[in-house]
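Presented below is the structure to which this report refers.
The values are calculated or read from the model by the stated rules, or taken from the named source; none is laboratory data. Treat the numbers as computed from the prediction; the structure is a model and nothing was measured. We place every Cβ from the backbone using ideal geometry, glycine too, and count neighbours over all the protein chains shown.
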Amino acid sequence: MTHTQKTYSPIDGSLYVERELAGIQEVHDALELAEKAQLIWKNIPLTERKLFCSKAVAAFVNNKAHIAKELCWQMGRPIRYAEGEVASFAARAEYMISIAEEALAPIQTSEKPGFRRYIHQDPVGVVMVIAPWNYPLHTPINAIIPALLAGNSVILKHSSQTPLCAEQIFAAFKEAGLPEGVFQYLHMSHEYTEMAIQSHEIGAVAFTGSVPSGIKIDEAVTGRFIGVGLELGGKDPAYIRADADIDYAVESTVDGAFFNSGQSCCGIERIYVHESIYDDYVAKFVALTRQYKLGRSDNPEITLGPLVNESAAEFVRDQIKDAQEQGAEAHIDPSDFYLDKPGTAYLAPQVLTNVDHTMRVMTEESFGPVVGIMKVNSDEEALRLMNDSEFGLSASVFTKDIDAAVALGEQLETGTFFVNRCDFLDPELAWTGVKHTGRGVTLSKRGFDAFTRLKSFHIKETI
């Protein structure tokens, strides 16, 4: 069995981080400590729990330059954008802290003479957060903060590609003076992660990752009757109606498709454009795409870094190749982006037309810098194609007719519906999905629900 975890940087393929994996005794010790710590933590007033979390967020932000550099080297985020995730980490955490008292307050019933009745929200115990590499800071904090505020202890298992993110989050909570055992991290093998979530100490699991991994997580807790939040894949569509502001729509959807090298669950992966503006939209989309600068993500001038590893890039190359063999037209010459070479993690952005839903690139999650654009002749055709997916995380419509857009949104099978924007998480709104995108909610007041269990109090005050 492998006892170490190695992280190779997509920038140059070098070994960037090496860590010892937790052994079985370390896992058991962490679970036991978390369980004991939670029994004390849950009785600390919410006002104090909020203060600990606020101090941790401040400590994290104070170290943003160093964290951003580590992020850049671990997963390839261009350094010019890396501090942005630290900022969104803080914004989400601060919002959840600000609404905690309202979200966790007892649920009051109607008045009934001689009785007091209310529903209390108890913590579930120990929460296991399993975090991804693509947004390795703000994704886990969506679960960590509400779980802690609700009175749970948390164990974070981060992706092997971004282990330093777990260590930096832990360091921030330690600097804030969080009691020992309330927040821990473990670098674990898949085997030990499965063993941990099957243990009696774990009361809930929050997982973000692939559909196959989500299925394994769900199977691992079968029969335990605990909450499991699963944020899985996406193949998010955008529809550009005939009355859309073309320049604005192009700017928004290009960014939505290619930010983070397309490695976003809610990134735009397929676009449907009304036939009356199709040619103009495609020409402007391609022209703007050609302005990206592909290169080493530690270079401040670079706007498109490498994919997370060579195999991820080869997967997208195969999708593009298959589509071209089926008749798709590629509008970007990869040779214009000199670092784009087979056998590397560097991949030029690609725009495909003459595509349809028989092609993998239009149905299978790409998680890379490629987008297919289809011509449609009506809202009805666009709606049918947008819903023709096994995923449903977010969907966007660009139009000047807001009422028409909302009417479409009511029929779209998606967790979040955008009008005139895309690829954005608002912490005041529930982040959720349908179909193979998974189940559960993070963010908003509903983001606390997964980390509490309801207890009804029915008190007869007079006998």
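Here are the numbers for this structure:
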quantity	calculated
The stretch 377-394 - residue that is in a helix (DSSP H, G or I) and hydrophobic (A, V, I, L, M, F, W, C) and, of those, surrounded by the fewest Cβ atoms within 10 Å (Cβ to Cβ)	Leu385
Residue within the stretch 395-403 that is without any contact (Cβ under 8 Å) to a residue 40 or more places away in the chain, part of a helix (DSSP H, G or I) and in contact with a Phe, Trp or Tyr (Cβ under 8 Å, 6 or more places away or on another chain) present	no
Residue in the stretch 203-216 that is nearest to the chain's Cα centre (by Cα), counting only those that are among the hydrophobic types (A, V, I, L, M, F, W, C) and surrounded by fewer than 22 Cβ atoms within 10 Å (Cβ to Cβ)	Val211
Some residue of the stretch 359-376 being buried (at least 21 other Cβ atoms within 10 Å of the Cβ) and closer than 30 Å to Val154 by Cα	yes
From Ala22, Ala105, Ala87, residue being under 28 Å from Phe259 (Cα atoms) and either out of contact with any Gly (no Cβ under 7 Å at 6 or more places or on another chain) or free of Cβ contacts under 8 Å to residues at least 40 places away in the same chain (or both)	Ala87
Wholly enclosed strands (runs of 3 or more DSSP E) of the stretch 112-193 bearing at least 3 residues farther than 17 Å from Gln5 by Cβ, out of contact with any Asp or Glu (no Cβ under 9 Å at 6 or more places or on another chain) and not hydrophobic (A, V, I, L, M, F, W, C)	115-123
Lone qualifier among Ala30, Ala56, Ala34 - being aliphatic (A, V, I, L, M), surrounded by 16 or more Cβ atoms within 10 Å (Cβ to Cβ), under 30 Å from Gly305 (Cβ atoms) and in contact (Cβ under 8 Å) with a residue 12 or more places away in the chain	Ala56
Tally of residues being in a helix (DSSP H, G or I), surrounded by 13 or more Cβ atoms within 10 Å (Cβ to Cβ) and without any contact (Cβ under 8 Å) to a residue 12 or more places away in the chain across the stretch 326-352	0
In the stretch 218-257, the residues that are in a loop (DSSP other than H, G, I, E, B), more than 23 Å from Ala430 (Cα to Cα) and touching a helix residue (DSSP H, G or I) at 6+ places or on another chain (Cβ under 9 Å)	Val221, Arg224, Arg241, Asp243, Ala244
Criterion violated by Ile44 - all others in (1) over 19 Å from the mean Cα position of the chain (by Cα); (2) assigned to a helix (DSSP H, G or I) satisfied	(2)
Answer from Ser276, Ser264 - the residue that is in a loop (DSSP other than H, G, I, E, B), among the polar types (S, T, N, Q), within 25 Å of Arg317 (Cβ to Cβ) and in the same structural domain as Val355 (by TED's automatic domain parsing)	Ser264
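This table checks each residue for (1) of a type in the set (Asp, Glu); (2) at pLDDT below 95; (3) not assigned by TED's automatic domain parsing to the domain that holds Ile373.
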site: Ile169; (1), (2), (3): no, no, yes
site: Tyr185; (1), (2), (3): no, no, yes
site: Met188; (1), (2), (3): no, no, yes
site: Ile197; (1), (2), (3): no, no, yes
site: Thr208; (1), (2), (3): no, no, yes
site: Gly223; (1), (2), (3): no, yes, yes
site: Val228; (1), (2), (3): no, no, yes
site: Ile240; (1), (2), (3): no, no, no
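Results for (1) touching a His at 6+ places or on another chain (Cβ under 8 Å); (2) in the same structural domain as Gly262 (by TED's automatic domain parsing); (3) touching a residue at least 24 places away in the same chain (Cβ under 8 Å), shown as yes or no for each residue.
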{"position": "His357", "(1), (2), (3)": "no, yes, yes"}
{"position": "Thr363", "(1), (2), (3)": "yes, yes, yes"}
{"position": "Ser389", "(1), (2), (3)": "no, yes, yes"}
{"position": "Gly415", "(1), (2), (3)": "no, yes, no"}
